[in-house]
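Notes for the one structure printed next.
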Amino acid sequence: MGEVNAGRDHAEFRREVREWLETNCPPEMRDGAAGESSICWGGTTWVFTCDEQKIWLDRCAARGFTVPTWPKAYGGAGLSRDEDKILKQEMQAIGARSPLDSFGIWMLGPALLKFGTEEQKLHYLPPIARGEIRWCQGYSEPGAGSDLAGVQTHAADQGETWLVNGQKIWTSYADRADWIFALLRTNRDAKKHLGISFVLMDMRSPGITTRPIQLISGASPFCETFFENVEVPKTQVVGTIDRGWDVAKYLLTHEREMISNGGNAMGSGRALGAVLTESETGQSDPVLRGDAMRAEVDSLAMAMTLERYKDQAEGGQGVGDASAMLKYMGTELNKTRLELIMATDGADALTWGDTPASSWLRTKANSIEGGTSEVMLSIISRRILNLPG
Ligand SMILES: Cc1cc2nc3c(=O)[nH]c(=O)nc-3n(C[C@H](O)[C@H](O)[C@H](O)COP(=O)(O)OP(=O)(O)OC[C@H]3O[C@@H](n4cnc5c(N)ncnc54)[C@H](O)[C@@H]3O)c2cc1C
């Protein structure tokens, strides 16, 4: 990607960032690693893979670089969008790992910044920025996936508190999370979308249990989460009671934008060109090379489109309904990219562990999580193309 349109201030900022990275990014964190095994999720149960992972997290958190565009008061660096781009470019240039990835950063943070009270922002955002609290997402239920507004987990009004009963499903990493942000039905008499509240809960509250769901691979990234007479203070509602759907939808646009980055050629991960160059099949198979070239061009176009929408979005507001289009394209491109890597690596790709095979299988889930491709196409047709629904 071309450099940010750099005025004098930007050049100065780039110099500062370069110097800071040179001094503060440990060599072990400059290996360009991507994917699940390179991620630092943070939280009280997190076990750092090495000392340098913690050093890198702490230094970035102290400088506000885990959440660069958040205001300084909430643990960010208060960077403008252009400055944030420069920081990312400079990190990429030295192969720096992301210091911290979390549902708190990608999803809850933006929702709190928009809908939270000042007290909630000061209480919840800095620990997210420092990687101290790991969050999970309690949206889906056995009867509420694509039809998310069908949530039935119920919060009964007890004056100062809610009494929560019900079940969530597909709660990623609930068994390792410290807190959950969840959609609860707080008014059974109101219309479906108008009786939902967005509530924060401590996973250690009495009455919350999790049960990991084991996949065919043996991994258990998801859980069933159960709530039995869980007492939750009403101060932990974000936004207006019964109007949590507005918070939920806003959060989803950020989740979809984040998932769409998977198809971004500029993102981390093995570039197709490099994969092809390293492999005999990649060098000799003209069809494969043609397909790879098309995929790279499409990914570049996708990356530019993503940047354009982010530029258009007002100060951290997210890209709105366009997130459906970006998520759909990003996840499709990521599938294509991994399929080509599998084809290029041939039999070598068919090994288990942290390999192309597991990344390839993971791309299939991208088009389900955060809303399925069918649902994205429906949003695109109704809300972007204004087609009759
Ligand atoms: C990797 C992964 C991680 C996840 N993590 C979380 C998490 O942390 N927290 C959480 O709350 N949830 C999580 N989920 C759940 C995810 O959000 C749901 O799976 C998703 O919303 C789809 O819902 P569903 O599984 O109930 O499928 P359903 O809604 O039952 O859909 C089944 C099929 O029907 C299609 N369909 C449904 N309705 C329509 C329609 N109106 N028009 C056209 N087609 C339709 C769908 O596209 C799909 O193909 C995760 C899912 C995955 C795969």
Quiz item: Based on what the data block shows, is Ile196 within 16 Å of the ligand (Cβ to nearest atom) and modelled with pLDDT under 95?
Solution: no
Quiz item: Which condition number does Thr363 fail, the rest of (1) touching a residue at least 40 places away in the same chain (Cβ under 8 Å); (2) within 12 Å of the ligand (Cβ to nearest atom); (3) under 22 Å from Leu148 (Cα atoms) being met?
Solution: (3)
Quiz prompt | Filter result for the condition that a residue is more than 14 Å from the ligand (Cβ to nearest atom), hydrophobic (A, V, I, L, M, F, W, C) and either at pLDDT below 95 or surrounded by 15 or more Cβ atoms within 10 Å (Cβ to Cβ) (or both), over Trp170, Trp162 | solution = Trp162
Exercise. Residue by residue through region 127-159, note down the ones that are near the ligand (Cβ under 9 Å from one of its atoms) and assigned to a helix (DSSP H, G or I).
Key: Leu148
Exercise. Look at region 103-119 and say how many of its residues are free of Cβ contacts under 8 Å to residues at least 24 places away in the same chain, under 12 Å from Tyr74 (Cα atoms) and in contact with a strand residue (DSSP E or B) (Cβ under 9 Å, 6 or more places away or on another chain).
Key: 0
Practice problem: Look through Ser284, Ser299, Ser358, Ser279 and report the one residue that is at pLDDT 85 or above, among the polar types (S, T, N, Q) and on the phi < 0 side of the Ramachandran plot. | Solution: Ser299
Self-check item: Residue pairs meeting the criteria (Cβ under 6 Å; at least 6 apart or on separate chains; first closer than 13 Å to Arg256 by Cα, in region 305-333; second among the aromatic types (Phe, Trp, Tyr) and open to solvent by 40 Å² or more (accessible area, probe 1.4 Å))
Solution: Val319/Tyr309; Ala322/Tyr309
Quiz item: Is there a residue in region 315-323 that is closer than 26 Å to Gly109 by Cβ, modelled with pLDDT of 90 or more and assigned to a helix (DSSP H, G or I)?
Solution: yes
Quiz prompt | Residue in region 209-240 that is nearest to Met107 (Cα to Cα), counting only those that are surrounded by 19 or more Cβ atoms within 10 Å (Cβ to Cβ) and of a type in the set (A, V, I, L, M) | solution = Val238
Quiz item: Has region 366-383 got at least one residue that is assigned to a helix (DSSP H, G or I), of a type in the set (Lys, Arg), open to solvent by less than 90 Å² (accessible area, probe 1.4 Å) and within 15 Å of the ligand (Cβ to nearest atom)?
Solution: no
Exercise. Examine region 83-92 for a residue that is charged (D, E, K, R), more than 16 Å from the ligand (Cβ to nearest atom), under 17 Å from the mean Cα position of the chain (by Cα) and closer than 21 Å to Met203 by Cβ, and state whether such a residue exists.
Key: no
Quiz prompt | region 93-126, residues that are polar (S, T, N, Q) and either within 15 Å of the ligand (Cβ to nearest atom) or surrounded by 23 or more Cβ atoms within 10 Å (Cβ to Cβ) (or both) | solution = Ser102
Quiz item: Failed condition for Ile86, given (1) under 20 Å from Met258 (Cβ atoms); (2) crowded, with 20+ Cβ neighbours inside 10 Å, with all others met?
Solution: (1)
Quiz prompt | Index of the failed condition, Gly64 passing every other in (1) open to solvent by 20 Å² or more (accessible area, probe 1.4 Å); (2) touching a residue at least 12 places away in the same chain (Cβ under 8 Å); (3) not hydrophobic (A, V, I, L, M, F, W, C) | solution = (1)
Quiz item: Just for region 195-208: of the residues that are outside any strand (DSSP E or B) and free of Cβ contacts under 8 Å to residues at least 40 places away in the same chain, which one is surrounded by the most Cβ atoms within 10 Å (Cβ to Cβ)?
Solution: Ser205
Quiz item: Looking at region 173-186, which of its residues are free of Cβ contacts under 8 Å to residues at least 40 places away in the same chain and within 12 Å of the ligand (Cβ to nearest atom)?
Solution: none
Exercise. Residue by residue through region 280-336, note down the ones that are closer than 21 Å to Asp348 by Cβ and open to solvent by less than 30 Å² (accessible area, probe 1.4 Å).
Key: Gly282, Leu288, Ala292, Ala295, Asn334
Quiz prompt | Pair list, Cβ < 6 Å and 6+ apart or interchain, from region 271-287 residues that are over 26 Å from Gly95 (Cα atoms) to residues that are assigned to a helix (DSSP H, G or I) and open to solvent by less than 90 Å² (accessible area, probe 1.4 Å) | solution = Thr281/Thr344; Thr281/Gly346
Exercise. Within region 10-36, work out how many residues are closer than 21 Å to Asp354 by Cβ, open to solvent by less than 70 Å² (accessible area, probe 1.4 Å) and in a helix (DSSP H, G or I).
Key: 1
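The values are calculated or read from the model by the stated rules, or taken from the named source; none is laboratory data. The structure displayed is predicted, hence computed values, not measured ones. Backbone-built Cβ (ideal geometry, glycine too); neighbour counts: all protein chains shown. Just so you know, the surface numbers come from the protein's heavy atoms only, side chains and all, with ligands and any DNA or RNA stripped out. Shrake-Rupley method; radii C 1.70, N 1.55, O 1.52, S 1.80 Å.
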